[in-house]
Amino acid sequence: MGLFGSRGRREGIPNDPALLAAAAENPGGSVAEIDPTYIDDPNGYVPPEAIRGAWLVDSSGKLTGEYQENPRHGVPQDDFGRLTDPDHWLGWLGDDPAGAVRKGIEESLRAQVADAVVEWVKILEAPRFLTGGRRHAEDQQVMLVTRAALAASFALSVRTARHGRSILRGVFSWVAVNLSSPEVRKDRHWFDLGAGLDWAGERLEERIYEIGGAEDTAER
């Protein structure tokens, strides 16, 4: 893992067997100290904010006593940067694409567990996009976007009354058709836990045709 900001020496080297074992496996590197306030399973996905800092490891795999604090340590926050950074048109998601995708993810979870509360969402990679259209009947130089889709890999934290907090990973996909005719627009979400982005991206086109649309035949 990468190192953080300020470095200092701490009194007393931790005697945590898991920490010492991790150090032995990373000679010359560092091992992270995870804050259990935000993460129950340190072997799963760990958001950057849940890392308190890093213990430095010497060349023999032992902790040196030097420690680098993580300036980002704190309550994990949403991160939709990889959704909005690419130069790709997202107007079909409205004025707040990140907010729309977060709402879609939360609705997908609540469809399964009614009291699900999403604590944070992070988009892990640049999404896969698919956009289709047709030429304007009166101006052949103008293209009308008629359908669009995205697949976004995520990690998130969700709480429910029964299960407490769970950290989930997967791909959220959103397909919309009939975009040039808002009165008959159709949208559908897919929430594929454990799926890979390549797998979900390859299914965007078939999912577009799966939900169909009034303009579908004319566009094929």
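The values are calculated or read from the model by the stated rules, or taken from the named source; none is laboratory data. This one's a predicted model, so the numbers in the text were calculated from it and none came from an experiment. Note that each Cβ is placed from the backbone with ideal geometry, even for glycine, and that neighbours are counted across all protein chains shown. When the accessible area is computed, the model is the full protein with side chains, heavy atoms only, and any ligands, DNA or RNA have been set aside. Shrake-Rupley method; radii C 1.70, N 1.55, O 1.52, S 1.80 Å.
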Item to complete: Could you provide, to the nearest whole Å², the per residue accessible area of the chain with probe 1.4 Å?
Response: 55 Å²
Worksheet item: Using the Cβ atoms and a cut-off under 9 Å, what net charge is assigned to the surroundings of Asp78, where Lys and Arg are +1 and Asp and Glu are -1?
Response: +1
Worksheet, complete the sentence: Carbon and sulfur atoms account, in whole percent of the 1.4 Å probe accessible area of the range 52-158, for 46 percent
Worksheet item: Can you give me the pair-distance distribution of the range 40-157, C-alpha pairs, 10 Å bins, whole percents?
Response: 11, 28, 26, 17, 11, 4, 2, 0
Discussion item. Over the chain, what is the relative contact order in percent, taking alpha-carbon pairs closer than 8 angstrom and at least six residues apart?
Written reply: 14 percent
Item to complete: Using only the alpha carbon atoms of the range 16-106, find the Kirkwood hydrodynamic radius as the inverse mean reciprocal pair distance, in angstroms to one decimal.
Response: 15.7 Å
Discussion item. What figure, in Å² to the nearest 10, do you get for the accessible area of Ser30 with a 1.4 Å probe and non-protein molecules left out?
Written reply: 10 Å²
Response to the item:
Mean Cβ-within-10 Å packing, highest first, puts peptides 194-205, 147-158 in the order 147-158, 194-205
Item to complete: Please report Rg over Rh for the chain, where both radii come from the alpha carbon positions and Rh follows the Kirkwood definition.
Response: 1.12
Item to complete: Sum up the charges of everything whose Cβ sits under 13 Å from the Cβ of Glu125, counting Lys and Arg as +1 and Asp and Glu as -1, but leave Glu125 out.
Response: +1
Discussion item. What does the net charge come to around Glu49 if you take all other residues with beta carbon closer than 12 Å to its beta carbon, with K and R at +1 and D and E at -1?
Written reply: -1
Item to complete: With label points built 7 Å along Cα→Cβ from the Cα atoms of Leu193 and Glu210, find their separation and express it in nm.
Response: 1.8 nm
Worksheet item: Mind checking which lysines have their C-alpha under 18 Å from Lys103, skipping anything on the same chain fewer than 8 residues away?
Response: Lys122, Lys186
Item to complete: Rank by packing, highest mean first: peptides 20-26, 46-52, with packing defined as the count of other Cβ atoms within 10 Å averaged across residues.
Response: 46-52, 20-26
Worksheet item: Which of the listed residues, Gly94, Val177, Gly196, is farthest toward the dipole's positive end in the range 74-201, when Lys, Arg count +1 and Asp, Glu count -1 at the beta-carbon?
Response: Gly196
Worksheet item: Given 0.36 nm per residue, what is the gain on full extension from Arg110 to Asp85 after removing their alpha carbon distance, in nm?
Response: 6.2 nm
Item to complete: Evaluate the distance, in nm, between pseudo-label points positioned 7 Å from the Cα of Ser59 and of Val145 along their respective Cα→Cβ axes.
Response: 5.6 nm
Fill in: Inter-site label distance for Ser181 and Arg165 at 7 Å from Cα along Cβ, in nm
4.8 nm
